[in-house]
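*Asks:* Take this structure first; my questions come after.
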Protein chains: 2
Amino acid sequence: MEAVSENGSDRKRKALLAATEVFLDKGYDCASMDDVAAKGAVSKPTVYKYFSNKERLFAEIVRATTCEMDDLVCLVAESMAGKTSIESGLSVLARRFISALMQPRILRLRRLLITNAERFPDIGRSWYEQGFERVLATLAMSFQGFADRRVLNLNDPLLAANHFVGMLLWVPMNKAMFTGDYSSSREELELFAVAAVRAFLAGYGPTSRSIARSTQA
Amino acid sequence: MEAVSENGSDRKRKALLAATEVFLDKGYDCASMDDVAAKGAVSKPTVYKYFSNKERLFAEIVRATTCEMDDLVCLVAESMAGKTSIESGLSVLARRFISALMQPRILRLRRLLITNAERFPDIGRSWYEQGFERVLATLAMSFQGFADRRVLNLNDPLLAANHFVGMLLWVPMNKAMFTGDYSSSREELELFAVAAVRAFLAGYGPTSRSIARSTQA
């Protein structure tokens, strides 16, 4: 019984991975359930059994990626919580976050979502709420922790998270979206990370007085 | 001779406006030269005479919009140059900029570009360089003017412009792109503008010492 259920879950995951590749390669309109079955080496009835139709499959692809992004951000936020230096904590966060978001697979999923947002507004809204907004909320919680320890000065942690990510990603993300060029080097992304951390700390970091206080505490 | 040339230029502008509407409504694939001729009340040979093919027409639509955006930003930057208060200057800039960029027509053009970026990378790159990057460069020039008068503290005006726009637009722009909902109210946009100006001035504004210096100068 267990083995069967494991096989079923394996098959479903395999079909979902295959479907992701097919949708990213061909776009929603040109992707077919046949392509997905062929790519995943599963039968077409298996694909239909798990996902019932193409729109549902698209929704599942998006859901799986929102979970993946959230797991990543939670992990990074947890690892930040142990850092005593806000600058090194934010630098780790900025670097991992920009590397994750600028992966070609994530960029192409983003394009797929934007392309189809007017047609499938519920799927786009689910990415916006469960992916985009949830990531900001996780960051905000982590920033609040630093504010509690007086190493960040902020009264609206969600706004601060929004500003941090906006400074980090506005240019590289738009470049990738408009040019279709996903080849940003690690060095380029590092520059965006360093600059965003520096500007964020200038705006939201402790003043020298509050640094003195928190060091003495 | 003059009248003929004026009529020609009118017809071209009319065809371009019609084409923009058709492309935004139907997307690149479904838009046809017939649709453009019908919408613009011009003949199909007229459309071909001015734009030769659909890809060329798409490029012209994008070019016209980049010029429009740049004109707007130049105008705003010029109007800022006369302001003595950096805060009121930036507030005007932020408000006009976010209102302009969040217009449904501009948002839909943005989506059209992102949808077709892998297929027509040259058109996407032209928007990125002549629209997106040029706007940042114009802002940077304006910021440099404030830095020269010591009301902004920055050594990289382009980076500062990137951070300003990123803080201003990251959330509302992504919301519009992912959900297809273009109905942000003036009040919502105003909140983003106020928050971005405040955070920008916290990071890049004058320290109290340099305010004192510039007031005494």
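*Asks:* Residues that are within 11 Å of chain A (Cβ to nearest Cβ), buried (at least 18 other Cβ atoms within 10 Å of the Cβ) and in contact with a Phe, Trp or Tyr (Cβ under 8 Å, 6 or more places away or on another chain), at least 3 per element: which helices (runs of 4 or more DSSP H) completely within region B:84-147 meet that?
*Replies:* Where helices (runs of 4 or more DSSP H) fall fully within region B:84-147 and carry at least 3 residues being within 11 Å of chain A (Cβ to nearest Cβ), buried (at least 18 other Cβ atoms within 10 Å of the Cβ) and in contact with a Phe, Trp or Tyr (Cβ under 8 Å, 6 or more places away or on another chain), they are B:104-115, B:121-127.
*Asks:* I'm checking my understanding of the structure. Among residues of region A:172-200 that are of a type in the set (Lys, Arg) and either over 13 Å from A:ILE98 (Cα atoms) or touching a Pro at 6+ places or on another chain (Cβ under 8 Å) (or both), which one is surrounded by the fewest Cβ atoms within 10 Å (Cβ to Cβ)?
*Replies:* A:ARG198
*Asks:* To continue, here is another question. Against the condition of a type in the set (Lys, Arg) and in contact with a helix residue (DSSP H, G or I) (Cβ under 6 Å, 6 or more places away or on another chain), how does B:ARG186 come out, does it pass?
*Replies:* No: the conditions fail for B:ARG186.
*Asks:* Does B:ALA81 count as within 30 Å of B:ALA202 (Cβ to Cβ), at pLDDT below 90 and in the same structural domain as B:ALA199 (by TED's automatic domain parsing)?
*Replies:* yes
*Asks:* Working carefully through the options B:ALA59, B:ALA19, B:ALA77, find the one that is surrounded by fewer than 18 Cβ atoms within 10 Å (Cβ to Cβ) and touching a residue at least 40 places away in the same chain (Cβ under 8 Å).
*Replies:* The match here is B:ALA59.
*Asks:* Looking only at residues that are within 19 Å of the chain's Cα centre (by Cα) and without any contact (Cβ under 8 Å) to a residue 24 or more places away in the chain in region A:148-163, which one is surrounded by the fewest Cβ atoms within 10 Å (Cβ to Cβ)?
*Replies:* A:LEU158
*Asks:* What is the number of the single condition among (1) more than 21 Å from B:ALA199 (Cβ to Cβ); (2) over 18 Å from the mean Cα position of the chain (by Cα); (3) away from every other protein chain (no Cβ under 14 Å); (4) of a type in the set (D, E, K, R) that B:GLU68 does not meet?
*Replies:* Of (1) more than 21 Å from B:ALA199 (Cβ to Cβ); (2) over 18 Å from the mean Cα position of the chain (by Cα); (3) away from every other protein chain (no Cβ under 14 Å); (4) of a type in the set (D, E, K, R), only one is false for B:GLU68: (2).
*Asks:* Being crowded, with 17+ Cβ neighbours inside 10 Å and not aliphatic (A, V, I, L, M) is the filter; apply it to region A:32-47 and report the residue that is farthest from A:VAL22 (Cα to Cα).
*Replies:* Taking the candidates together, the pick is A:THR46.
*Asks:* Would you call A:SER88 polar (S, T, N, Q), in contact (Cβ under 8 Å) with a residue 12 or more places away in the chain and assigned by TED's automatic domain parsing to the domain that holds A:LEU191?
*Replies:* Spelling it out, it is not the case that A:SER88 is polar (S, T, N, Q), in contact (Cβ under 8 Å) with a residue 12 or more places away in the chain and assigned by TED's automatic domain parsing to the domain that holds A:LEU191.
The values are calculated or read from the model by the stated rules, or taken from the named source; none is laboratory data. Owing to the predicted nature of the structure, the values given are computational and were not obtained by experimental measurement. For neighbour counting, all protein chains shown are included, and Cβ atoms are generated from backbone atoms with ideal geometry for every residue, glycine included.
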